[in-house]
Amino acid sequence: MLPIVDQVRHKIGLEKLQKMGPTAQTAIKKDLAGISPDMARYAIEATCGDIYSRPGLDPKYREMIAIAALTTLGFALPQLKIHVEAALEGGCTRSEIEEIIIQMSVYIGWPAAFNAMSAANEVFESRSS
């Protein structure tokens with residue numbers, strides 16, 4: 001059984017994860033947990049319970065920053081899709097997400113930006129059907 005402090009962090013993390021949308025929940029609670037339950041627990045507690053629950057930024061801005069960072073990485077397209085969905089759940093518009101990726105193209109180059117836009121479009125299309 002988890003210590004009480006970790007139980008609280010875990011509960012807060014699960015609540016935050018639920019707000020991010022079904023793709024994020026599946027990625028952590030099913031996919032990652034199937035590979036490494038401990039890593040999934042850390043993601044829930046540290047990422048969602050601690051960092052994403054801090055009061056300094058609202059969820060929309062946190063997701064906008066995550067989209068910019070993941071777009072810049074260029075190799076984290078599955079995670080980018082999770083955060084595009086979470087951004088939409090948090091109040092971002094499709095236009096804002098497209099603008100973030102376009103802005104990043106200046107710094108990361110066209111191929112990475114095209115890949116990011118394509119990944120984002122997959123999320124947009126899945127939500128419109």
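The values are calculated or read from the model by the stated rules, or taken from the named source; none is laboratory data. For clarity, every value in this text was computed on a predicted model and none was experimentally measured. For neighbour counting, all protein chains shown are included, and Cβ atoms are generated from backbone atoms with ideal geometry for every residue, glycine included.
Each row is one residue, and each column tells you yes or no for (1) in a helix (DSSP H, G or I); (2) closer than 30 Å to residue 94 by Cα; (3) in contact with a helix residue (DSSP H, G or I) (Cβ under 6 Å, 6 or more places away or on another chain).
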position: 5; (1), (2), (3): yes, no, no
position: 8; (1), (2), (3): yes, no, no
position: 13; (1), (2), (3): yes, yes, yes
position: 19; (1), (2), (3): yes, yes, no
position: 47; (1), (2), (3): yes, yes, no
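Go through region 12-30 and give me each residue that's surrounded by 14 or more Cβ atoms within 10 Å (Cβ to Cβ) and free of Cβ contacts under 8 Å to residues at least 24 places away in the same chain.
18, 25, 28, 29
With the condition kept exactly as written, say whether any residue in region 34-50 is in contact with a Pro (Cβ under 9 Å, 6 or more places away or on another chain) and modelled with pLDDT under 95. Checked against the condition, which is being in contact with a Pro (Cβ under 9 Å, 6 or more places away or on another chain) and modelled with pLDDT under 95, region 34-50 yields no hits at all. Filter region 49-61 for residues that are surrounded by fewer than 19 Cβ atoms within 10 Å (Cβ to Cβ) and assigned to a helix (DSSP H, G or I); which is farthest from the chain's Cα centre (by Cα)? Among those residues, the one meeting the criterion is 50.
Scanning region 77-118 for residues that are among the small types (Gly, Ala, Ser) and either under 20 Å from residue 58 (Cβ atoms) or surrounded by fewer than 21 Cβ atoms within 10 Å (Cβ to Cβ) (or both) yields 86, 87, 90, 91, 95, 105, 109, 112, 113, 118.
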